[in-house]
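Written below as structure tokens is the structure these notes are about.
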Amino acid sequence: MCARYAFFNGKVVADDLGVTPLPDLEPRYNIAPMQTAPVIVPSDGGWDMEMMRWGLIPSWAKDETIAQKLINARGEPLREKPSFRAAYKRRRCVIPANGFYEWSGKRGSKQPFFITLRGSDLMPLAGLWEEWETPEALLHTFTIITTEPNELISPIHTRMPVILAPEDVARWLDSDGVPVEEASQLLVPYPADEMQMTAVHPEVGRVVIDHPGLIEPIEKQTELF
DNA sequence: CCAGACGTTGTT
DNA sequence: GTCTGG
DNA sequence: CCAGACGTTGTT
DNA sequence: GTCTGG
């Protein structure tokens with residue numbers, strides 16, 4: 001799964017993707033579901049960054065309570081799912097991240113890990129977005145696609161987010177030129193030998209905590225394993 | 001036909 | 001135990 | 001994902 | 001909106 005991530009280095013989206021970061025972007029070390037975060041979408045032949053809320057709301061939803069259930073979407077059956085298939089065809093997006101968190105252990109003895117890429121600061125995550133009409137306004141929401149874990153993640157989790165290679169970002173975002181059959185080839189586990197994982201402080205579990213110390217390695221507390 | 005679901009993960 | 005909020 | 005709430009009435 | 005279950 002992927003239910004917490006960090007995006008603190010906005011400059012990498014300019015360097016690696018040519019997308020201008022939003023001017024008022026704050027560095028974030030603990031982005032949680034139901035919060036607003038930047039998302040990259042096609043715009044005027046190029047790509048743009050836009051703030052959206054994490055937790056997808058399909059256009060047909062009667063209220064927004066479904067959002068917290070749709071923070072992730074399994075990649076394999078995307079085409080058949082009523083909640084996702086419309087967005088899969090027309091509204092694919094990339095969630096810019098620098099790394100994501102996963103936890104191992106049971107409640108009360110959770111150990112969080114921060115996972116990053118070895119070769120790059122930018123970790124582009126594959127996602128979908130939707131537009132939901134409230135009585136007052138249009139609400140833009142997104143979800144992060146998951147796949148099977150690679151050998152790095154599988155010891156602690158059964159799923160991991162889909163990470164796109166920079167050269168695949170264009171194909172993922174091109175809904176007009178790249179049909180779902182082709183796009184689905186991108187929804188695979190990222191190579192484990194290009195990723196790394198470090199144990200971090202459990203205070204990342206608290207959504208109100210958001211500072212650079214959250215991604216700093218700590219000594220593994222072996223009694224937790 | 002109408003009513004109700006539409007989802008993921010982890011844990012048991 | 002289970003749901004909600006972030 | 002984790003953390004925190006989970007409730008009502010009356011009084012200030 | 002569309003599919004499934006009854």
*Give segment A:25-46 a look and list any residue that's at pLDDT below 95 and among the charged types (D, E, K, R), or say none.*
A:ASP44
*May I ask you to verify whether A:ALA73 is more than 16 Å from DNA strand E (Cβ to nearest atom) and either in contact (Cβ under 8 Å) with a residue 12 or more places away in the chain or of a type in the set (Asp, Glu) (or both)?*
no
*Qualifying residues in segment A:54-70 (those that are within 18 Å of A:ILE144 (Cβ to Cβ) and of a type in the set (Val, Ile, Thr)) - the one farthest from DNA strand E (Cβ to nearest atom)*: A:ILE57
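Considering only segment A:4-22, I want to know if a residue exists there that is modelled with pLDDT of 95 or more and within 15 Å of DNA strand B (Cβ to nearest atom).
In the first step, residues of segment A:4-22 are kept if they are modelled with pLDDT of 95 or more; the result is A:4-22.
Pick out the ones that are also within 15 Å of DNA strand B (Cβ to nearest atom) and you get A:4-5.
Checking segment A:4-22: at least one residue is modelled with pLDDT of 95 or more and within 15 Å of DNA strand B (Cβ to nearest atom).
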*Report the residue count in segment A:59-70 for those that are buried (at least 20 other Cβ atoms within 10 Å of the Cβ) and more than 7 Å from DNA strand B (Cβ to nearest atom).*
1
*Between a first residue in segment A:54-70 that is within 12 Å of A:GLU131 (Cβ to Cβ) and a second residue that is of a type in the set (Ser, Thr, Tyr) and within 15 Å of DNA strand D (Cβ to nearest atom), which pairs have beta carbons less than 6 Å apart while being 6 or more apart in sequence or on different chains?*
A:LEU56/A:THR141; A:LEU56/A:THR143; A:ILE57/A:THR141
*Restricting attention to segment A:118-126, does a residue exist that is of a type outside the set (A, V, I, L, M, F, W, C), away from DNA strand D (no atom under 15 Å from the Cβ) and surrounded by 24 or more Cβ atoms within 10 Å (Cβ to Cβ)?*
yes
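The values are calculated or read from the model by the stated rules, or taken from the named source; none is laboratory data. Computed from a prediction, not measured in an experiment: that's the story for all the values here. Counting neighbours? That spans all protein chains shown, and the Cβs are built from the backbone with ideal geometry, glycine included.
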